[in-house]
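Shown next, in structure tokens, is the structure this report addresses.
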Amino acid sequence: MAEPWWKADPHDLHRLVDRVSSVYVERSHLDRDENAVVVINKRETVRVPAAMIAVMLLGPGTRVTHGAIRLLADSGTTICWVGEQGVRMYATGLGPSRSAGLLHRQAWLITRPKERLNVARAMYGMRFPGEDVSKATMQQLRGREGARFRKLYQEHSRRSGVPWDGRVYKAGDAFAAGDDLNRLLSAANAALYGICHAVIVGLGASPGLGFVHTGSAISFVLDIADLYKAEYTLPLAFDLSAQGLTDERDARIGLRDQIAETKLLGRIVHDVKALLNPPGTDFDTPETSELWDERLGSVAAGVNWAADAPHDETNASPSAELADQAESDGPAPPKLTDTGMGEQHITIIGPEFEEARSPESPEQTS
């Protein structure tokens, strides 16, 4: 099987200076020992300082105590319950100390048509390298994307020898319609959505605030996944179909191995941050919670502001002149800090589970 995303050895954790991007745990037990999460399996015991982790991905066969979850939450670590190698996203939990800076930036971009269009164009520009899309409308971009995929379907059909009769699927039930090839495409895409979902949530962005897609709780997930379908899920589905491997599990395992070999997780992290934080953007968001102020932007929380409250109600609101000036200047983009997520990825996987033996098995009755 291909190497997992994370190449560093778990015992190298104590030498990492910056917080690691993510720790993936599978077939292990998680507990707490003071300020460290202890990962235990039959092969090894690994102590992970909670403050060093940006995202904890809990895979199949994982058990976790209340104490470990509380420590991770207090450390501002995102926790995601995922499928094997992260190809499914089941649930997530965010600690109260997690910064909302990237989420504020995303919301600011999506609520302004000009900025939203620029991000959408950047997404399409990643699919058309070397082409200028800076003045294209969304209608033009959708048409070019449709033509690109029509050509890709035909090319992969000729390459693999698998007939292609068009994309068929049923909304809400990806496996209810279409031939084997269509079902493989749906299964591979679903797995790709899982890993994109985990990355987006782990970074602190919203999976529902999409720039190209809209209306779905995973609109941004669909946006990001579309950047990689032509490279990953499309050729994979044709290859599996040509080999007669048509089960959903075949697509999921095939994508899992490709993700591991190509280190797709780190690429998704980079792309999401680059789209929401293009070069030259100044981020400056405090790590602690603050209070919003219509004139100052924000003020410190946890402070009694009674002494600064105006006693004259006529002076409690800004003057009309100040309000007009603020309106004419327009809203300024929010400033936020980089998430600080490093590029290191750690995996801790316990040994395979032993198969349960029945009382009638020869090994026990002999």
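Stretched out fully, how many nm does the piece from Leu94 to His270 gain, at 0.36 nm a residue minus the Cα gap?
61.3 nm
Starting at the first residue of region 121-127, write each ³J(HN,Hα) from the Karplus equation 6.51 cos²θ - 1.76 cosθ + 1.60 with θ = phi - 60°, in whole Hz, x for Gly and Pro.
4, 4, 5, 5, x, 5, 8
For a test of the definition: using alpha carbon positions, the gyration tensor, and the 1.5 limit on a/c, classify region 34-172 as rounded, prolate or oblate.
Because a/c hits 1.5 or more and a/b fails to exceed b/c, region 34-172 counts as oblate.
With θ taken as phi - 60° and the coefficients 6.51, -1.76 and 1.60, list the Karplus ³J(HN,Hα) couplings across region 232-242 in order, rounded to whole Hz; mark glycine and proline as x.
3J(HN,Hα) across region 232-242, in whole Hz: 10, 6, 5, x, 4, 4, 5, 5, 5, 5, 5.
Sequence-distant or interchain residues sharing an amide H contact under 5 Å with Met89, placed H: which?
Placed amide hydrogens put Gly83, Gly194 under 5 Å from Met89.
Counting only heavy atoms of protein chains, what accessible area per residue, in Å², does region 111-265 have with a probe of 1.4 Å? Before the final figure, lay out the partial values.
Working: 7220 Å² over 155 residues.
Per-residue accessible area for region 111-265 comes out at 47 Å².
Measuring from a point 7 Å past the Cα of Thr246 along Cα-to-C-beta, which residues in region 178-211 have an amide N at less than 16 Å?
178-188
Work out, step by step, the length gained on full extension between Asp179 and Asp74: first 0.36 nm times the residue separation, then minus their alpha carbon distance; give nm to one decimal.
Length difference between fully extended and current span is 33.0 nm.
Considering only protein heavy atoms and a 1.4 Å probe, what is the carbon-and-sulfur percentage of the accessible area of region 147-231?
52 percent
In what sequence, largest accessible area first, do Trp108, Trp81 appear using a 1.4 Å probe?
Details: Trp108 35, Trp81 95 Å².
Descending order: Trp81, Trp108.
Amide H to amide H under 5 Å from Arg167: which residues, 5+ apart in sequence or cross-chain, H placed 1.01 Å off N in plane?
It is none; the list stays empty.
Divide the volume of the convex hull of the Cα atoms of region 199-242 by its number of residues and quote the answer in cubic angstrom per residue.
On the way: hull volume 3.6 nm³, N = 44.
Enclosed volume per residue, from the Cα hull, is 83 Å³.
By how many nm would the segment from Leu291 to His66 grow when fully extended, if each residue of separation counts as 0.36 nm and the alpha-carbon distance is taken off?
Details: separation 225, 0.36 × 225 = 81.00 nm, distance 3.08 nm.
My answer for the length gained is 77.9 nm.
Go ahead and run the numbers for FRET between Arg144 and Asp165, Cβ-Cβ distance against an R0 of 30 Å, rounding to 0.05.
Once rounded, the FRET efficiency stands at 0.85.
Report the calculated FRET efficiency for Asp257 and Arg112 (r = Cβ-Cβ distance, R0 = 41 Å), to the nearest 0.05.
After rounding to 0.05, the efficiency reads 0.50.
Where both partners of a DSSP beta bridge lie in region 22-67, what percent of those bridges are antiparallel, to the nearest 5?
Close to 60 percent.
From the phi angles alone, apply the Karplus equation (6.51, -1.76, 1.60; θ = phi - 60°) to region 213-227 and give each ³J(HN,Hα) in whole Hz, x where the residue is Gly or Pro.
7, 8, x, 9, 5, 10, 4, 5, 4, 5, 4, 5, 4, 4, 5
The values are calculated or read from the model by the stated rules, or taken from the named source; none is laboratory data. Keep in mind the model is a prediction, meaning the values are calculated, not measured. Here the Cβ is made from the backbone with ideal geometry for all residues, glycine too, and neighbour counts use every protein chain on show. The protein model used for the area step is the full one, side chains on, heavy atoms only, and it has no ligands, DNA or RNA in it. Shrake-Rupley method; radii C 1.70, N 1.55, O 1.52, S 1.80 Å.
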